[in-house]
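Here the structure comes first, spelled out in C-alpha cells, and everything after it is commentary.
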C-alpha cells in the first residue's frame, strides 16, 4: 500500500470543504448586490418550501439592486415575504410584475459582524482540513505499524500532508481576503 493513495483520497474532501466555504461566503451580504444573496432563500408557495431561484429569474440591476421576475405573478407575495423573513436585512418591493430588492449600504457595526462571521467560516473550514489531515495521518501510522508502509515513507507522507494543508490554508486565506475586501469597500 502506497501512502500516496491515502493522500489522494483526502484531497477531494478538502476541495469540497473549500468549495463549501466559497458558497457560504457568497451568501454573506457585502455592499454590492449578488444573486447568491437571495437565490437560496426558501419561500412558501402552494404549501411547499422552494428556493427563490426556482420561482423566477434573478438578475442584477446596477451594483445595489436585485430584481426577481417570477415565473408566475402569484409568487410575488411569497417572494416578498420570504425575503423579509430571511433576516438578511433586505427588503423587497413589488414593482408591477417584478420584485425589487435594494441593497442598503453597510453600517460600520454590521461590517464588523460580517468580518467576524467571515473569520468563523474560515476557521471552520481550516478545522475540516485539519480533520482530514489527521484522519490520513492516523491511517498512515496504522499501516506503518502493520508493516504495509515503510517508516521512511511514513515521514515523507507526514511532510506531504503538511504541504497539502498549507496549500489549502492559503486558498482559504485568499478567499477570505477577497470577501473581506468586498465587505470593507
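What follows is calculated from the coordinates using simple rules that are stated; it is not laboratory data. The model shown is predicted, which means the values in this text are computed figures rather than measured ones.
Cα centroids of segment 113-185 and segment 67-109: how far apart, whole angstrom?
38 Å
Once Kirkwood radius over Cα pairs in Å is worked out from the coordinates, which option in (i) 17.3; (ii) 19.1; (iii) 16.9 does it equal?
Only one listed value fits the structure, namely (ii).
Angle check, please: helix 151-184 long axis (alpha carbons) against the longest principal axis of the chain (alpha carbons), in degrees 0 to 90, nearest 10.
For helix 151-184, the angle is close to 20 degrees.
Could you give me the radius of gyration and the Dmax of segment 45-146, taking only the C-alpha atoms into account and expressing both in angstrom?
So, for segment 45-146, Rg and Dmax equal 21.6, 71 Å respectively.
Give the angle, between 0 and 90 degrees and rounded to the nearest 10, that separates the Cα long axis of helix 108-145 from the longest principal axis of the Cα atoms of the chain.
Between helix and principal axis, roughly 30 degrees.
Where Rh denotes the Kirkwood radius from the mean inverse Cα pair distance, what is Rg over Rh for segment 35-102?
Computed over Cα atoms, the ratio is 0.91.
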